[in-house]
Every structure is written in structure tokens, then in C-alpha cells.
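The values are calculated or read from the model by the stated rules, or taken from the named source; none is laboratory data. Here the structure is a predicted model, which is why all the values come from computation and not from measurement. Ideal geometry is used to build each Cβ from the backbone, glycine not excepted, and the neighbour counts take in all protein chains shown. We work out accessible area using only protein heavy atoms, side chains counted, and drop any ligands, DNA or RNA first. Shrake-Rupley method; radii C 1.70, N 1.55, O 1.52, S 1.80 Å.
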Amino acid sequence: MDVRDLAAAQAGLLTRRQLREAGVSSDAVRHRIRTGRWSARSPTVISLSTGELIRPQREWLAVLHGGSTAAVAGLSATARHGLRGWDREQIEIVHHASCTVGALPGVLVTRTRRDLRSLCTRRWSLPTLRVEPAALLWASTAPSERSAQGLLAACVQQRLTTPERLAGELDRLSPLRRARLFRRLVCELAEGAQSLSEVEIGRLCDRFGFARPRRQTRRRDAAGRLRYTDCEWDLPDGRVLVLEVDGAFHMSAEQWEDDIQRQRALTTPTRIVLRATAREIRDYPDQLAHDLSANGVPRTGRACHDEP
């Protein structure tokens with residue numbers, strides 16, 4: 001392939017080996033770098049332009065520097081698949097454990113003995129893990145179990161994958177750290193939970209012996225607009241209790257005001273609307289359980305006070 005065509009396919013970057021194979025001598029490469037036409041981005045990667053690299057170029061640089069088995073991985077891969085809210089400036093790649101890769105600023109490199117070819121998508125020319133292995137492998141080494149579960153829930157919530165596809169990938173990646181936790185999460189997502197907070201509400205109900213709520217129920221508000229409520233319980237007196245869970249997104253002044261209006265529009269003589277923050281569910285479950293009980297949420301009589 002012509003140098004310019006190959007460069008166009010790789011966001012303007014090539015390895016020194018690719019240049020040699022295309023007939024460009026080492027002397028010619030040094031001359032173009034010295035005269036400011038090209039730029040050495042790593043000991044092995046050259047760009048056919050100068051100036052700051054944009055995100056796609058940085059990803060190509062990381063992969064080309066990582067060698068023939070390297071692929072975009074982790075949160076960098078999920079971002080390429082369209083995941084919102086988990087962006088990181090650092091580029092993450094994975095390569096086979098048999099390869100040796102030097103450090104590169106702004107790039108996090110992990111190693112694996114898995115067959116990376118079977119884990120990559122064919123959507124792009126840039127080697128990139130499919131969303132399921134990218135999310136699961138990242139989650140298996142995430143700093144906290146909450147972050148790990150949050151990423152998987154976000155991938156499902158944003159419709160980048162499904163609980164069924166995650167379950168299938170878990171089987172293919174076995175053995176995998178935290179696999180038991182992930183299988184439980186996948187089951188809860190398959191039952192209709194749309195976020196980690198909704199999953200944690202279900203676990204809170206099991207812990208304190210409450211009936212599990214209905215999730216994402218379609219409701220018409222006072223203005224006739226279609227709404228989806230986070231959690232609902234039928235109370236013994238015939239009323240319905242709605243619990244809306246506010247994440248960090250809901251903390252902005254504009255969103256806070258919208259949530260107040262939404263709560264008012266959903267409230268009727270037979271429908272109570274309560275709100276809780278995701279942090280309350282995580283850090284103050286006892287207080288939330290007390291409030292749910294005080295408002296009549298039915299119990300199953302099967303409380304489990306041990307944390308999962």
C-alpha cells in the first residue's frame with residue numbers, strides 16, 4: 001500500500017517498519033523529521049505531520065507503539081463504542097503478554113494471555129476490543145466493586161450491550177476476577193434495573209426484607225406526558241409509592257428544579273413520590289429502609305442482614 005494511503009487509514013501515523021516496507025529509507029525518515037515535515041511520536045511511530053495529536057491519532061499512536069497484538073481497551077474502548085460519562089484522558093491498550101512494550105506518556109498498557117483477535121470488533125480499522133470484553137476486563141481490575149458494577153450497568157443502560165451478551169462474554173472470558181459478582185449483577189439488569197442505583201435498591205430490599213419494586217413503570221403525569229418511574233410498590237391501603245433515585249447528574253440546579261416539577265406532576269391522591277440520592281442508598285441504607293417502612297412498603301418476612 002502507498003505510504004499516503006496507509007497513513008490515511010491510520011490517522012496519519014505509521015511505524016518505522018511500515019515505512020521501510022513501503023520503500024522509505026531510514027535516512028529519508030530522518031531527513032523529513034529534521035526538516036519539520038514529519039514528527040517522531042515514539043521510538044517506533046512516526047506521524048506525517050507536526051503539531052498536537054487529536055484523540056483518534058493518540059489512540060493510533062498507542063496501538064502502533066504497542067505492537068502487532070495491541071488493541072484499544074478498557075474505558076478508551078467503551079468510549080469508542082459510544083459510552084457517555086466514563087471518559088478518561090488516558091489511552092488504555094492491551095497487548096499479548098509475550099510482547100514487550102516501552103512506556104509512553106498518557107498511555108496505560110495492560111497485558112493478557114487471551115486471544116485478542118477473538119475479542120476485537122471489526123467495526124473499525126483501529127484494533128479495538130468489543131464493548132463486552134472491554135467492559136468486563138476493565139471491571140475485573142477496577143479499583144472498587146462499585147465502579148466495576150457501575151460501568152457494566154452503564155453499558156446496558158446506554159444500550160451498548162445487553163445482559164444476555166454480557167453473560168455470554170462472561171462464559172467466554174472464564175476464569176475472570178469478580179465473575180460471581182458480575183453474574184449476579186447481570187441477572188439483576190436482566191430483571192429490568194436500568195442503573196447501579198436501581199440494582200442497589202433491589203439488594204437493599206433483600207437485605208431488609210422488603211418486597212422488590214417494579215422498575216421503569218410507564219406513567220402519565222398531570223400534564224399527560226409519559227414518564228418512567230425508577231421504583232414502585234403497591235401499598236396495603238391501595239396507594240402506590242414511587243421512589244425516584246437521583247444520581248450526580250441530578251445535582252445541577254437546573255436538573256434539581258426539573259426533578260421537583262416531575263415529582264409534583266407525578267404525585268396524586270393515590271400515588272406518593274419519594275426521592276433518594278444514589279449516595280444515600282450506598283452510605284445510609286438503614287435510614288432509607290426506615291423511611292420505606294414508615295411509608296408502608298410491604299415486607300416479605302425474609303430479611304437478609306448480611307452484606308453481599
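Going through (1) of a type in the set (K, R); (2) under 30 Å from L241 (Cβ atoms); (3) within 17 Å of the chain's Cα centre (by Cα) one by one, R212 falls short only on (3). Inside the stretch 37-67, can you point out the residues that are under 23 Å from R17 (Cβ atoms), open to solvent by 30 Å² or more (accessible area, probe 1.4 Å) and without any contact (Cβ under 8 Å) to a residue 24 or more places away in the chain? Listed by number, the residues that qualify are R37, A40, T50.
For (1) modelled with pLDDT of 95 or more; (2) not small (G, A, S), each residue gets a yes or a no:
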| site | (1), (2) |
| --- | --- |
| D27 | yes, yes |
| T35 | yes, yes |
| W38 | yes, yes |
| R41 | yes, yes |
| A77 | yes, no |
| D87 | no, yes |
| I91 | yes, yes |
| G102 | no, no |
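Residues being assigned to a helix (DSSP H, G or I), closer than 23 Å to L196 by Cα and open to solvent by 70 Å² or more (accessible area, probe 1.4 Å): count how many of those fall in the stretch 281-305. Number of matching residues: 5.
Residues that are under 30 Å from R264 (Cα atoms) and open to solvent by 30 Å² or more (accessible area, probe 1.4 Å): list the helices (runs of 4 or more DSSP H) wholly contained in the stretch 128-237 that include at least 3 such residues. Please lay out each step first, then the result.
Working: elements: 131-140, 145-157, 163-173, 179-190, 196-208.
Helices (runs of 4 or more DSSP H) meeting the threshold: 196-208.
Mind counting the residues in the stretch 270-308 that are touching an Asp or Glu at 6+ places or on another chain (Cβ under 6 Å) and either within 21 Å of T217 (Cβ to Cβ) or modelled with pLDDT of 90 or more (or both)?
4
Checked against (1) surrounded by 13 or more Cβ atoms within 10 Å (Cβ to Cβ); (2) in contact (Cβ under 8 Å) with a residue 12 or more places away in the chain, T267 meets all criteria but (2). With the structure loaded, tell me whether V242 is surrounded by 15 or more Cβ atoms within 10 Å (Cβ to Cβ), part of a strand (DSSP E or B) and of a type in the set (A, V, I, L, M, F, W, C) or whether it fails that test. In short, yes.
Within the stretch 5-31, the set of residues being charged (D, E, K, R) and either in contact (Cβ under 8 Å) with a residue 40 or more places away in the chain or in contact with a strand residue (DSSP E or B) (Cβ under 8 Å, 6 or more places away or on another chain) (or both) comprises just one member, R16.
Inside the stretch 106-123, can you point out the residues that are of a type in the set (A, V, I, L, M, F, W, C) and either at pLDDT below 95 or assigned to a strand (DSSP E or B) (or both)? Spell out how you get there, then give the answer.
Taking the stretch 106-123 as the starting set, the residues that turn out to be of a type in the set (A, V, I, L, M, F, W, C) are 107-109, 116, 119-120.
V107, L108, V109, L116, C120 - these are the residues of the stretch 106-123 that are of a type in the set (A, V, I, L, M, F, W, C) and either at pLDDT below 95 or assigned to a strand (DSSP E or B) (or both).
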